[in-house]
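> First the structure, then my questions, so here it is.
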């Protein structure tokens, strides 16, 4: 049955992508008499019973029905009658034709579908089948399916190395975490750890794990899993940002350097208690631990699975593409790269079974296609990737949708690779920032939702109001700086920007190119998409300038370790030993006022003077969902008339807080 379901899911996804016209008609069944003709095909013997396989021909008496459009999906309803009909619709070009035959198994409470897929040449006009599924109520109500739009997802998702927000989503749905950030209260709250203790000086943290937590295979989730997870994140092959999460954990650096295989600062007290020793002490360990793409805490992984995978094979293992075995609110079902991932509710989840039965992460790169899918009812919410401003405004006025925003935690700006001599002069970077009307960019492309920033350190507790005017829009100042350094206005600087997803993205790039060109800085864009383009900045370091958004992390040490790195592997080719020492001092500060003064000193003496990074804005993320999808911590979302007036909801450590917080409480309200 699983392989047949997978085949139908792939075929259905291809039809959806090829034509955007693949529909399912859900018909509310009205009690009527039907004529059923049955033909016994054969009797199949199975242990303890005889199964009679019959063909059914169902003739329906015409009735009044209410039809709503939904994405074609296979629905498994144990013990219920599912009627499938063919309906010839308009001719459309597709690549596959799916023929279905429903076989009714008598004396067995399930419906088996036999699928025959016939390939036909491209651009051939064919007749497409529309499957009508008559849904009837079953104990507990009909299945609740949440369809989430993802702009993209990598083919494999190891959190150790994959710098993608999609990893945050997948891991948060399928795996446990020590704690979770509460976006409403702005603090850490229990998850796998039901509570924790911290010594007053921050030198020791003790986590007490839930005793009812189990992996999907029934094994208990224990302290050994947490220890093995931490050690896997310290493998040399893992990303340095993962290593940075444990900078204060005693013995972690020894594992990174290969002089130890176990973290000396981790003590397993018993199966449900783990103790961490910090050197130097820190009261912000959980904030630092939220370093998964700078957005969220990383998942706890199953030690009994990891131990059977050699370290040098772990990050390439199919566990991260087809073998996900977690213990979070949802269980892995299937992943078809570039199409969708499917998950189902975990009955044994320690917070209780989710209210939603199934989640489909549908991969739709196009913002325009996303708008169409949402208006058709095929997608319930956008998470990774949004819609255009025009689409958001249209949907704001549509009573079927909620449009809102979440507080920005992505610093948008320009990174400069100072391996290139012509980018080393700070006057060029000063001219760059003065040439950009950043308030105009924020208003035009972010509806004014957010703030102009002059540093990637944006946490509210150490900001100074006067920083807002540190680098005002001043084209004449830009020209003077360039003249002072004898800048050649014909020199072209290549800016890697990735492929814009829509017209707004292309317009934003064009506007910035014009602003810089007006003062004498000539840029061209490298828009190679995906990993190949990012590789030029992060790995080969061949890119001159990177225009991108960087996660701001739950704690300022995240970004500082991101930019101020030894020259041989630093993205920006910027390193200052005094800055590193000051960062270490700030991380160890146990008094919030003392820590705030350190971060303020760092911003003013390094980011504002050296300008290794030029900031644009920290924009609030506009989200759209249909009203049937209910997230309790949002409550009823206000509905103003303009995007600039929509409600902006807070976060604690990252923009994904709201998409990770008590997922089991989400609901579908038809």
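The values are calculated or read from the model by the stated rules, or taken from the named source; none is laboratory data. Note that the coordinates shown come from a computational prediction; the quantities given were computed from them, not determined experimentally. Note: ideal-geometry Cβ built from the backbone for every residue, glycine included; neighbour counts use all protein chains shown.
A quick yes/no check of all residues on (1) out of contact with any helix residue (DSSP H, G or I) (no Cβ under 7 Å at 6 or more places or on another chain); (2) more than 22 Å from residue 432 (Cα to Cα):
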{"residue": "540", "(1), (2)": "yes, yes"}
{"residue": "553", "(1), (2)": "no, yes"}
{"residue": "557", "(1), (2)": "no, yes"}
{"residue": "561", "(1), (2)": "no, yes"}
{"residue": "567", "(1), (2)": "yes, yes"}
{"residue": "573", "(1), (2)": "yes, no"}
{"residue": "577", "(1), (2)": "yes, yes"}
{"residue": "582", "(1), (2)": "no, yes"}
{"residue": "585", "(1), (2)": "no, yes"}
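> Let me ask something else. Can you pull out every residue in segment 252-295 that is without any contact (Cβ under 8 Å) to a residue 24 or more places away in the chain and within 31 Å of the chain's Cα centre (by Cα)?
If we filter segment 252-295 for residues that are without any contact (Cβ under 8 Å) to a residue 24 or more places away in the chain, which is where we start, we get 252-254, 256-260, 264-265, 267.
Listed by number, the residues that qualify are 252, 253, 256, 257.
> Also, quick follow-up: Residues to consider are 228, 260, 238; find the one that is modelled with pLDDT under 95 and farther than 16 Å from residue 161 by Cα.
Result: 260 is the single residue among 228, 260, 238 that is modelled with pLDDT under 95 and farther than 16 Å from residue 161 by Cα.
> Please enumerate the residues belonging to segment 639-670 that are within 22 Å of the chain's Cα centre (by Cα) and assigned to a helix (DSSP H, G or I).
Initially, segment 639-670 is screened for residues within 22 Å of the chain's Cα centre (by Cα), giving 647-668.
Once the filter is applied, which keeps residues that are within 22 Å of the chain's Cα centre (by Cα) and assigned to a helix (DSSP H, G or I), segment 639-670 yields 657, 658, 659, 663, 664, 665.
> Then there is this: Could you please find all residues in segment 191-228 being in a helix (DSSP H, G or I) and either free of Cβ contacts under 8 Å to residues at least 60 places away in the same chain or crowded, with 22+ Cβ neighbours inside 10 Å (or both)? Before the answer, list the steps.
Taking segment 191-228 and keeping what is in a helix (DSSP H, G or I), we get 223-228.
Residues satisfying the conditions are 223, 225, 226.
Residue-wise test of (1) free of Cβ contacts under 8 Å to residues at least 12 places away in the same chain; (2) closer than 22 Å to residue 551 by Cβ; (3) in a loop (DSSP other than H, G, I, E, B).
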{"residue": "386", "(1), (2), (3)": "no, yes, yes"}
{"residue": "391", "(1), (2), (3)": "no, no, no"}
{"residue": "402", "(1), (2), (3)": "no, no, no"}
{"residue": "408", "(1), (2), (3)": "no, yes, yes"}
{"residue": "413", "(1), (2), (3)": "no, yes, no"}
{"residue": "419", "(1), (2), (3)": "no, no, yes"}
{"residue": "427", "(1), (2), (3)": "no, no, no"}
{"residue": "430", "(1), (2), (3)": "no, no, no"}
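> Another question about this same structure. Please state which of the following conditions residue 362 fails to meet, knowing it meets all the rest: (1) over 30 Å from residue 565 (Cβ atoms); (2) modelled with pLDDT of 95 or more; (3) buried (at least 21 other Cβ atoms within 10 Å of the Cβ); (4) touching a helix residue (DSSP H, G or I) at 6+ places or on another chain (Cβ under 7 Å).
(4) is the only condition that residue 362 fails.
> Hey, can you tell me all the residues within segment 461-500 that are within 22 Å of residue 544 (Cα to Cα), assigned to a loop (DSSP other than H, G, I, E, B) and within 37 Å of the chain's Cα centre (by Cα)?
497, 498, 499, 500 - these are the residues of segment 461-500 that are within 22 Å of residue 544 (Cα to Cα), assigned to a loop (DSSP other than H, G, I, E, B) and within 37 Å of the chain's Cα centre (by Cα).
> Can you work out which of the residues in segment 236-263 that are touching a strand residue (DSSP E or B) at 6+ places or on another chain (Cβ under 8 Å) and part of a loop (DSSP other than H, G, I, E, B) is farthest from residue 562 (Cα to Cα)?
Per the stated criteria, the residue is 263.
> In addition: If the requirement is being in contact (Cβ under 8 Å) with a residue 24 or more places away in the chain, under 23 Å from the mean Cα position of the chain (by Cα), buried (at least 19 other Cβ atoms within 10 Å of the Cβ) and under 28 Å from residue 406 (Cβ atoms), which of these qualifies: 458, 452? Spell out the reasoning first.
On the way: 452 fails: under 23 Å from the mean Cα position of the chain (by Cα).
From the options 458, 452, the qualifying one is 458.
> Here is a follow-up. Name the residue that is modelled with the lowest pLDDT, counting only residues in segment 646-660 that are out of contact with any helix residue (DSSP H, G or I) (no Cβ under 9 Å at 6 or more places or on another chain) and under 12 Å from residue 633 (Cα atoms).
657
> I'd like the full set of residues that are modelled with pLDDT under 90 and over 16 Å from the mean Cα position of the chain (by Cα), limited to segment 140-181.
140, 141, 142, listed by residue number.
> Please work out if residue 297 is modelled with pLDDT under 95, within 21 Å of residue 224 (Cβ to Cβ) and touching a helix residue (DSSP H, G or I) at 6+ places or on another chain (Cβ under 7 Å).
On the way: modelled with pLDDT under 95: yes; within 21 Å of residue 224 (Cβ to Cβ): yes; touching a helix residue (DSSP H, G or I) at 6+ places or on another chain (Cβ under 7 Å): yes.
For residue 297, the condition - modelled with pLDDT under 95, within 21 Å of residue 224 (Cβ to Cβ) and touching a helix residue (DSSP H, G or I) at 6+ places or on another chain (Cβ under 7 Å) - is met.
Per-residue answers, yes or no, for (1) crowded, with 16+ Cβ neighbours inside 10 Å; (2) touching a helix residue (DSSP H, G or I) at 6+ places or on another chain (Cβ under 8 Å):
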position: 187; (1), (2): no, no
position: 233; (1), (2): yes, yes
position: 237; (1), (2): no, yes
position: 260; (1), (2): no, yes
position: 263; (1), (2): yes, yes
position: 266; (1), (2): yes, yes
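> Sticking with this one: Taking segment 432-449 as the region of interest, how many residues are without any contact (Cβ under 8 Å) to a residue 24 or more places away in the chain and in a loop (DSSP other than H, G, I, E, B)?
So the count comes out to 0.
> Considering only segment 278-307, how many residues are assigned to a loop (DSSP other than H, G, I, E, B) and on the phi < 0 side of the Ramachandran plot? Lay out the reasoning, then the answer.
The first filter runs over segment 278-307 and keeps only residues assigned to a loop (DSSP other than H, G, I, E, B), leaving 279-284, 290-291, 293-295, 297-302, 307.
Retained after the next criterion (residues that are on the phi < 0 side of the Ramachandran plot): 279-284, 290-291, 295, 297-302, 307.
Residues that pass the stated criteria total 16.
> Then there is this: For residue 410, state whether it is under 30 Å from residue 145 (Cβ atoms), surrounded by 20 or more Cβ atoms within 10 Å (Cβ to Cβ) and either in the same structural domain as residue 511 (by TED's automatic domain parsing) or in contact with a strand residue (DSSP E or B) (Cβ under 8 Å, 6 or more places away or on another chain) (or both).
Working: under 30 Å from residue 145 (Cβ atoms): yes; surrounded by 20 or more Cβ atoms within 10 Å (Cβ to Cβ): yes; either in the same structural domain as residue 511 (by TED's automatic domain parsing) or in contact with a strand residue (DSSP E or B) (Cβ under 8 Å, 6 or more places away or on another chain) (or both): yes.
Criteria met by residue 410.
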